Every structure is written in C-alpha cells, then in structure tokens.
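Structure, as structure tokens:
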Amino acid sequence: MISLLRGSVRYISHDRAVIEVQGIGYSVLLTSTTSASLTMGAEVILHTSLVVREDSLTLFGFLDEESKSVFELLQTVSGVGPKVALSILGALSIEDLSRAIAQENVGVIEKVPGIGKKGAQRMILELKGKMQFGGTHQSMAVHQPAWREQLTSALVSLGFTPKDSDSAINALVSRLHNEGVEPSSVDMSELLKSALQNGKSTR
C-alpha cells in the first residue's frame, strides 16, 4: 500500500498534484489548502491514503499524518466517502471539526458541501468520543487499522455485506498471522485479491 510519497512536484491544480518519485509520476488528490502550499519543481513529502475501488486506485495526499488519520476516520461514518471526507478537511480545520463534534454543533458541519443537516447529525453521532478536541491538541481513537477500513470499504463496494466482508478479512488475517506476515505490510491489491477468495469460500 502506498502510504507516503517523497518526490518533486511536476503538476499542480486546485485539487490535485503529480509527484514524481524515481521517474514515476503519481497523481494525488488534495485539498485546495494543501495544493496552494506546493511549489512547482520543489521536493515534497505527502502522507497518502490509497482508496481501492473496482475500477480505480486513487491516492489522497496530506502534509501530515494527523490529517491523513482524520481523513480515514471520517470515512467510517455512514455515507461519507473519500471525496466528501476530503471536502470536509478542505472546509474545516481539524481543530474546528473536533470542536464542532464535541459541542454537537450541526450548523458548522452542515455548511460543508455534500454534507447537509442529516449528514452532519450522523457524523456527530458516529464520531462523538472518537475525535476529541482539548486545548491545542487533538486525540483520535480509531478502532480499526486504516488498511482494514480500506479493505472493508472495497469489499462492500463489490457487493459484500459488512458481515461477509468481516468474515473474509478475519480469515485472511488468521492465515497471514499463521504465515508470520503482518497485514499492513501487504499491498492493498493483494489483500483485496485474497479477501475475495476467502469471501467466495465463506459464502
């Protein structure tokens, strides 16, 4: 799984950039704030989250690990996909988002494009206690590793029920652990392929 890129900026637009790493150009989706901070030709380090879909592999990039973690946490909310999660981070700072969730301030969150009042209420309900703001520091409790959340999302998008995807992933994790392999070290495409095979055998 691609979790970090270090290379030269070869292209910049308001919502994406191309980062050249050892002769290969990676297209990465960004918030407008992150995009504005980049300079053509300069070296940059981006913390990335790879989102797997049936017909695409999409990289989302962030300047720090915390923003990436919040991006992945937001996608655990029902109805929030990667593009909406990116839109939220583009519209609100982590501090403002954390405070709005802690104070159950629907008005702040519903102003984000693609959210609305019901979406804001759902986000507060599902993230309360997982993302807390205190002073100048944010702390997040993410109950599942990022790779598992991405794999679950990919399986559900391919027609698996949450229960079936969980069973397939559990079988995969068990097999990998028996082989002495850490799931986070395996490429996402390989994890998906193996999970699909496990899913067929458990259905």
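Every number here is computed from the coordinates shown, using simple stated rules; none is lab data. Computed from a predicted model, the values in this text were never measured in an experiment. Cβ atoms come from the backbone with ideal geometry, glycine included; neighbour counts cover every protein chain shown.
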Residues with amide H under 5 Å of Ser3's amide H, sequence separation 5 or more or different chain, H placed in the peptide plane at 1.01 Å from N; which?
none
Diffing the stretch 24-37: the Karplus 3J(HN,Hα) column from phi (6.51, -1.76, 1.60, θ = phi - 60°), in whole Hz with x for Gly and Pro, holds 10, x, 9, 7, 10, 7, 9, 6, 5, 5, 5, 4, 5, 8
When DSSP beta bridges are limited to those with both residues in the stretch 1-112, what percentage is antiparallel, rounded to the nearest 5?
90 percent
Would you calculate the separation in nanometres between label points at Leu196 and Ser32, each defined as 7 Å from the Cα along the Cα-to-beta-carbon direction?
3.8 nm
Hydropathy first: keep DSSP H helices in the chain averaging at least -0.5 on Kyte-Doolittle, then drop any whose Cα extent along the axis falls short of 18 Å, and list what survives.
188-202
Length added when fully stretched, Leu125-Ser93, from 0.36 nm per residue minus Cα-Cα
9.6 nm
Evaluate E = 1/(1 + (r/R0)^6) for Ile2 and Asp166, where r is the Cβ-Cβ distance and R0 equals 30 Å; express this FRET efficiency to the nearest 0.05.
0.75
Quick one: net charge around Val112, please, counting Lys, Arg +1 and Asp, Glu -1 for every other residue with C-beta under 14 Å from its C-beta.
+3
Inter-part distance where the stretch 179-195 and the stretch 1-57 are each reduced to a Cα centre, Å
24 Å
Dimensionless Rg over Rh [the chain; C-alpha; Kirkwood]
0.98
Potential lengthening between Ser56 and Ser78 on full extension [0.36 nm per residue; Cα-Cα distance subtracted]:
5.8 nm
Between Ala42 and Asp187, what is the label-to-label distance in nm when each label sits 7 Å out along the Cα-to-Cβ direction?
3.3 nm
Cα-based reach from Lys118 at 17 Å (exclusive), listing aspartates and glutamates while leaving out same-chain residues under 8 positions away
Glu104, Glu110, Glu126
From the cross-link list Lys117/Lys193; Lys128/Lys163; Lys68/Lys117; Lys83/Lys130, which pairs have alpha carbons spaced over 31 Å apart?
Lys117/Lys193
Would you report the distance distribution of C-alpha pairs in the stretch 65-140 as whole percents per 10 angstrom bin, up to the bin with the largest distance?
21, 64, 15
